[in-house]
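**Q** Sharing a structure below in structure tokens format, with a few things to ask.
Where a number appears in this text, it was derived from the coordinates with a stated rule and is not lab data. Nothing here was measured: the structure is a model prediction, and the numbers come from that model. With ideal geometry, Cβ positions are generated from the backbone for all residues, glycine too; neighbour counts draw on all protein chains shown.
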């Protein structure tokens, strides 16, 4: 039988081969095994799992629950080869995660952000391409609902201007999907590529959106620039730590699609799997969240149901 240390390595490798990144779990589970070894334990027990998950006491309950969840997954795997393994019950250390209500950008606010991006300074440490990089990045997030990581992971080769489609290769769980583009979005991206080639030529990296040095954009840099743009148009206070996020472009896209379907009289519930596949959601429940979160959409859904019931009677 493999040791716990060997077993956790095999478990993490198996999950990663399935497409899970497991960045935090990859750090925490070896620490849990070290904790077991320090306590002279050669199998997982619920008591030891709880003891480890709740250290130190200063950690928030949400983190306790998250760490115990990592152990629970590993324990299920380990129990197949070691019958002494105890799998911590799911209701231990319960914590209800709070999902922040997204900010729904208006069309005017999106236009203001795009206009502000084109006014970004191009001082000695920047390049003339910088305004166009962020103009196109924000525009693409707004018109496609891509995740930030998906957009920053795009290569030039992933963009097919002739077919007006993007190949998303770096999605969650290693999935690959095609995302069609509107003709206007394709035209803007074509213009950006021309400017990119004029400035960098063949010296830039394969990434579609590049930094001042021609390398792929850093997420932290993108967030800092977005905060700067948000403050410049009044969407975020000068010292505010909270406000509209880049990820909210994805929420806006989903809500707009659902709203258009309802307004056109389509059966949005039946078409929800289409939106789910387009967004690259793992399960349709993730897409349904958009419907249940926005009162306006729920009102549309109830109105459709009432019409159907009325017709049936």
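**Q** For labels at residue 233 and residue 270 in the simple 7 Å Cα→Cβ model, what's the distance in nm?
**A** With each label point 7 Å from Cα toward Cβ, the separation is 3.8 nm.
**Q** Specify whether the C-alpha gyration tensor of the stretch 107-232 places it in the rounded, prolate or oblate class, a ≥ b ≥ c being the square roots of the eigenvalues: rounded for a/c under 1.5, otherwise prolate if a/b is larger than b/c and oblate if not.
**A** Because its axes are fairly even, with a/c under 1.5, the stretch 107-232 counts as rounded.
**Q** Moving to a separate point now. Quick one: what does P(r) look like for the stretch 4-79 with 5 Å bins over all Cα pairs, in whole %?
**A** 3, 16, 30, 27, 15, 8, 2
**Q** Moving on. Roughly how far apart, in whole Å, are the Cα centres of the stretch 46-82 and the stretch 110-180?
**A** What the calculation gives is 39 Å, centre to centre.
**Q** Can you tell me which of 41-54, 245-258 comes out highest on packing, and rank the rest after it, using the mean Cβ neighbours within 10 Å? The partial results should precede the final answer.
**A** Working: 41-54: 17.1, 245-258: 20.1.
Those peptides, ordered most packed to least, come out 245-258, 41-54.
**Q** Let me ask another. Could you check which residue among 29, 229, 140 shows the biggest mean-square fluctuation in a GNM of the chain with a 10 Å Cα cutoff?
**A** 29
**Q** Sorting 3, 144 on the 10 Å Cβ count, fewest up front, what's the list? The partial results should precede the final answer.
**A** Values: 3 11, 144 22.
Neighbour counts put them in this order, fewest first: 3, 144.
**Q** I'd like the FRET efficiency for residue 198 and residue 175, computed as 1/(1 + (r/R0)^6) with the beta carbon distance as r and R0 of 41 Å, rounded to 0.05. Mind showing how you got there, number by number?
**A** Details: r = 34 Å, r/R0 = 0.84.
So, using R0 = 41 Å, E works out to roughly 0.75.
**Q** Based on other C-beta atoms within 10 Å, arrange 167, 148 from fewest to most. Provide the component values of the computation, followed by the final result.
**A** Details: 167 15, 148 19.
Starting with the residue having the fewest Cβ neighbours, the order is 167, 148.
**Q** Let me ask something else. Which of 11, 278, 192 moves the most in a Gaussian network model of the chain with Cα springs under 10 Å?
**A** The residue that fluctuates most here is 11.
**Q** Between 143, 215, 239, where does the largest GNM mean-square fluctuation fall for the chain, given springs only between Cα atoms within less than 10 Å?
**A** The residue that fluctuates most here is 239.
**Q** Could you tell me which of rounded, prolate or oblate describes the stretch 216-261, using a ≥ b ≥ c as the square roots of the eigenvalues of the alpha-carbon gyration tensor, with rounded for a/c under 1.5 and, failing that, prolate when a/b is larger than b/c and oblate otherwise?
**A** oblate
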